[in-house]
Amino acid sequence: MSYYHFKPPGLQTYIFLKYYYQNSTKSILLQELTMFKDKNEILRITKTNQLKPVDSSNKNEQQIIDNVEKLFNDHFSGKLVDLFTEIQKLKVDLDLKTKYKSEFAFKVLESLVNIKPGETTSYYEIGTQIGSKAYRAIGNACKSNPIPLIVPCHRVLKKNGEIGGFMGKNSDIEWETNLKRELLTLEGAKL
DNA sequence: ACGCGCGTTCTAA
DNA sequence: TTAGAACGCGCGT
């Protein structure tokens, strides 16, 4: 398993990608996208999981990774890229079926991919869309989203307009919600 | 501020 | 493995 990380312009956040390079198809199987506020966490993770950095001697792998980084950089510098659609044009396999752990989580996350940059939805709205009133469970399904930003769980707000949580895996809740707000502001969403 | 509903995860048998 | 308790990016009152 390999990794790559970068910091988009105007964001105080590292984006960390975990992936397999598949030689047979010359494509990348994206395992996970994570966001960190400092490099130390990345260092710790790459060590404990024994991840290897991008194989820069592999021209094709390096090219795909470069393209992916450019996609994110474009988005965060104001181009408002539909990451979910565009990343799949770069020989990146999101492998959604194995990522969604249950039918319920599948429905929730699948309903998010249609939310474009600048748009928002709510947990309630997702509930009516998939025929469920398990609003907190919907939140938990978003929390288990292995590829945030690409599957845009940050575009889900509370029904009453409050920002709601984000990721929920970090101990620093304030950093997470600030990041969510920052992402939405960058996309021009109104809060 | 409290109680609730409900999928998922944790825990104890 | 299995019941049941506990837990949440929420909602309604």
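The values are calculated or read from the model by the stated rules, or taken from the named source; none is laboratory data. What you see is a predicted model; the values in this text were computed from it and never measured. Neighbour counts run over all protein chains shown; Cβ positions are idealised from the backbone, glycine included.
For this structure, a couple of remarks:
- Here the condition is being charged (D, E, K, R) and at pLDDT 95 or above; of A:66, A:95, A:38, it holds for A:66 alone.
- Pairing residues of region A:121-147 that are over 15 Å from residue A:103 (Cα atoms) and part of a helix (DSSP H, G or I) with residues that are at pLDDT below 95 and not polar (S, T, N, Q), at Cβ distances under 8 Å and at least 6 apart in sequence or on separate chains, gives A:143/A:168; A:143/A:169.
- Any hit, region A:46-55, residues being under 24 Å from residue A:98 (Cβ atoms), part of a strand (DSSP E or B) and either in contact (Cβ under 8 Å) with a residue 24 or more places away in the chain or assigned by TED's automatic domain parsing to the domain that holds residue A:153 (or both): yes
- Whichever residue in region A:69-81 is of a type outside the set (Lys, Arg) and surrounded by fewer than 16 Cβ atoms within 10 Å (Cβ to Cβ) and, among such residues, is nearest to DNA strand C (Cβ to nearest atom): A:80
- Test: residue in region A:123-132 that is more than 11 Å from DNA strand B (Cβ to nearest atom) and within 26 Å of residue A:87 (Cα to Cα): yes
- None of A:84, A:104 is within 13 Å of DNA strand C (Cβ to nearest atom) and either among the aliphatic types (A, V, I, L, M) or under 28 Å from residue A:20 (Cβ atoms) (or both) except A:104.
- The number of residues in region A:12-30 being surrounded by fewer than 18 Cβ atoms within 10 Å (Cβ to Cβ), closer than 26 Å to residue A:178 by Cα and touching a Phe, Trp or Tyr at 6+ places or on another chain (Cβ under 6 Å) comes to 1.
- Identity of the residue in region A:148-174, more than 16 Å from the chain's Cα centre (by Cα) and assigned to a helix (DSSP H, G or I), that ends up farthest from residue A:100 (Cα to Cα): A:174
- Members of region A:88-122 found to be of a type outside the set (Val, Ile, Thr) and more than 16 Å from DNA strand B (Cβ to nearest atom), listed by number: A:88, A:89, A:90, A:91, A:93, A:94, A:95, A:114, A:116, A:117, A:118, A:119
- Test for residue A:171: is it surrounded by fewer than 16 Cβ atoms within 10 Å (Cβ to Cβ) and small (Gly, Ala, Ser): yes
- Candidates A:70, A:59, filtered to the one that is among the basic types (Lys, Arg), closer than 18 Å to residue A:149 by Cβ and without any contact (Cβ under 8 Å) to a residue 60 or more places away in the chain: A:70
- Any hit, region A:131-143, residues being on the phi > 0 side of the Ramachandran plot, surrounded by 15 or more Cβ atoms within 10 Å (Cβ to Cβ) and under 17 Å from the mean Cα position of the chain (by Cα): no
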